[in-house]
Amino acid sequence: MITMPAAEPHQTAADSPDHIGAHISDDEAAQALRDGPIGALVVASIAVGLLLVAWLVFYFLLFMPRGAIG
């Protein structure tokens, strides 16, 4: 097991004021939450749409031509 010496101080990135975001007002925070993550929803919708189209292509071009089993 690797242990750190107790005398060595540990600092996180949040200890430096350079790594802390600027304070925003309550109105700005409410506006940001009201708008929501539109970009993430667009990317997820495109990914799901492409997945659905790929599934339909496989279904109609690969499985349907083989006909019924049995």
Of residues in the range 11-22 being more than 25 Å from the chain's Cα centre (by Cα) and of a type outside the set (Gly, Ala, Ser), the one surrounded by the most Cβ atoms within 10 Å (Cβ to Cβ): 15
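Residue by residue, here is whether (1) assigned to a loop (DSSP other than H, G, I, E, B); (2) loosely packed, with under 10 Cβ neighbours inside 10 Å holds:
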site	(1), (2)
7	yes, yes
24	yes, no
42	no, no
61	no, yes
65	no, yes
68	yes, yes
Flag for residue 18 being at pLDDT 85 or above and acidic (Asp, Glu): no
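The values are calculated or read from the model by the stated rules, or taken from the named source; none is laboratory data. What you are looking at is a predicted structure, and each value in this text was computed from that prediction instead of being measured. Counting neighbours? That spans all protein chains shown, and the Cβs are built from the backbone with ideal geometry, glycine included.
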